Amino acid sequence: MPAITYIEFDGTEYHVDVAVGNSVMEGALNNMIDGIVAECGGCCVCCTCHCMIDPEWSEVVGEANDEENELLEMLDVREPTSRLSCQVQVTDEMDGMVVRLPESQY
Amino acid sequence: MEVDDHVVIIGASHAAVQLMISLRQQGWLGAITTISDEPHMPYQRPPLSKSYLDGSVEADRLVLRAAETYDKLKVDFKLGCKVTSIDARNKQLNLDTGEKIGFTKLALCTGARVRQLDLPGSELEGVHYLRTMDDVKAIRQSAKKASRAVIIGGGYIGLETAASLTKLGIKVTVLETETRLLKRVASEQVSGFYKRLHEEEGVEIRLGSKVVALQGNSQVRSVVCDDDSHSGADMVIIGVGVIPNTELASEAGLVVENGIVVDQFAQTSHPDIVAAGDCTFHPNALLKKSLRLESVPNASEQAKAAAASLCGIKKAYSELPWFWSDQFDVKLQIAGISQGYTKAVVRGDASAGRSFSVFYIKDQYVIAADCINRPKDFMVAKKLILQQSKIDVAALVDESSEIKKLLINGEQ
């Protein structure tokens, strides 16, 4: 299983294995990583699973679609590599990826 | 709190899962047991009428958390058994298996059940309600051999089901007793839009239609209305709302109104019992009233407050309610509760296309919004409601003006 590192805003790091086909959001929820709220459970409707992909990995992850972009546009703090983690499906190529979580999801 | 303390959770859905996670995060060291009358590990309910029904998602993708997560949480699941009574004085639960389980603290996440219609013919094969995964498994079975379906009830569940069955190639008729769809919860503009959407997709919508009987010979074949009309059907899905599961609480002497009464800390009238989710009647400081909500975000957020209470921490729950619905290629996002609005204004064109928002205004303040394929409007609406400042309606409905500008600090 690909290993993904989640870094909370306060610096706490989680190194977890996430099954291929799961989303980056599910990886966080299954490991009780608090920085992802995911109110809607992964339907791209609530914008509470925001994460910032480490720039080194942004090419592997790819870009947000229009729907996701509209939500991301409304964030108070959006970074160039911001994504909604429910829309990022984990692949073998993501083994070793690092994602950072924002101070707040609201 | 002691290691030999024991929290028992009744229910194993969205509220229950968040509650057990929050208990551990807040340092609960004792045992946690969750009891559910369903045989399944916790699963997501919102997709049941949407992607799970239309087959685009299978059951293994509905799990709320991976099995290993519950191992890490050290939660004991008792599935497929029912709590028959709560002995609040002796802090003990009686199960239908004859077993008795003691608790130090109890959490009621009992949810809601479908409201049943007392119709002649309800027992016929092919007649369904929709609440649980097993309900939808049965609906999917029926759908395999059906060419015509009748949905009784034009609320969100009925309409989502109509859309999902249409995707499966089934000819669908929706029967609604009211004069418009979604009458209890939406404005005329939104009701009118959903009627148009469904008709454009080939669904027949019949308003003012009261069903009096289901007919067939073992298998349902037609639905009879009070005007004596017959609608042919190989399957029928009834979606006429839910009833909160409050009986265990009221029999145990807890205060119950339209739901189990809790305070902002999810505390019931019993000091060792909390409740969270669809089953609760709770105060909301933002809305300045008490209400009962059928909503996943509400279940999860209220469960966090309930877990805190059980750990002796005061964490008030007061969130802006929000909801969503997927039908065909339309994503509806609802912010706030529109009840009591004095004016509904539209940003965009409700009469054509599939993208607009309705803002509900009361005394110059935005109190709610229905956003149709407009995620940006939804995000702004939530902030507009929370910022509680008078709204410039002319700017709100002016599509040439960026909606973000209406926010205080919107220029940032």
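The values are calculated or read from the model by the stated rules, or taken from the named source; none is laboratory data. Nothing here was measured: the structure is a model prediction, and the numbers come from that model. Here Cβ is always computed from backbone atoms with ideal geometry, including for glycine, and neighbour counts include all displayed protein chains.
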Selection from segment B:366-412 of residues outside any strand (DSSP E or B), touching a Gly at 6+ places or on another chain (Cβ under 6 Å) and more than 9 Å from chain A (Cβ to nearest Cβ) yields B:ILE385
What's the number of the condition B:ARG131 fails, among (1) crowded, with 17+ Cβ neighbours inside 10 Å; (2) touching a helix residue (DSSP H, G or I) at 6+ places or on another chain (Cβ under 7 Å); (3) closer than 30 Å to B:ILE367 by Cβ; (4) charged (D, E, K, R)?
-> (2)
Hey, does segment B:261-270 have a residue that's surrounded by fewer than 18 Cβ atoms within 10 Å (Cβ to Cβ), modelled with pLDDT under 95 and assigned to a loop (DSSP other than H, G, I, E, B)?
-> no
Per the filter on segment B:16-30, residues of a type in the set (A, V, I, L, M) and either in contact (Cβ under 8 Å) with a residue 60 or more places away in the chain or within 13 Å of chain A (Cβ to nearest Cβ) (or both) are B:ALA16, B:VAL17, B:LEU19, B:MET20, B:ILE21, B:LEU23
Across segment B:31-59, what is the number of residues that are more than 14 Å from chain A (Cβ to nearest Cβ) and out of contact with any Leu (no Cβ under 9 Å at 6 or more places or on another chain)?
-> 3
What about A:ILE53, is it under 16 Å from A:LEU72 (Cα atoms) and not basic (Lys, Arg)?
-> yes
Over segment B:300-343, the set of residues hydroxyl-bearing (Ser, Thr, Tyr) and within 21 Å of B:LYS50 (Cα to Cα) is B:SER300, B:SER325
Would you check which residues across segment A:50-81 are within 14 Å of another protein chain (Cβ to nearest Cβ) and within 10 Å of the chain's Cα centre (by Cα) and list them?
-> A:HIS50
Give the residue that is surrounded by the fewest Cβ atoms within 10 Å (Cβ to Cβ), with candidates limited to residues of segment A:17-29 that are within 11 Å of chain B (Cβ to nearest Cβ) and more than 13 Å from the chain's Cα centre (by Cα).
-> A:GLY21
Residue selected from segment B:83-108 under the condition under 29 Å from the mean Cα position of the chain (by Cα) and among the polar types (S, T, N, Q), by the criterion nearest to B:VAL3 (Cα to Cα) = B:ASN94
Members of segment A:82-106 found to be surrounded by fewer than 19 Cβ atoms within 10 Å (Cβ to Cβ), in contact with a Ser or Thr (Cβ under 9 Å, 6 or more places away or on another chain) and of a type in the set (Val, Ile, Thr), listed by number | A:VAL98
The residue from B:VAL114, B:VAL172 that alone is hydrophobic (A, V, I, L, M, F, W, C), in contact with a Leu (Cβ under 9 Å, 6 or more places away or on another chain) and under 30 Å from B:ILE32 (Cβ atoms) is B:VAL114
Residues in segment B:346-367 that are charged (D, E, K, R) and over 17 Å from B:ALA186 (Cα atoms): how many?
-> 1
Which residues, counting only those in segment B:368-381, are surrounded by fewer than 22 Cβ atoms within 10 Å (Cβ to Cβ) and within 21 Å of B:VAL185 (Cβ to Cβ)?
-> B:ASN373
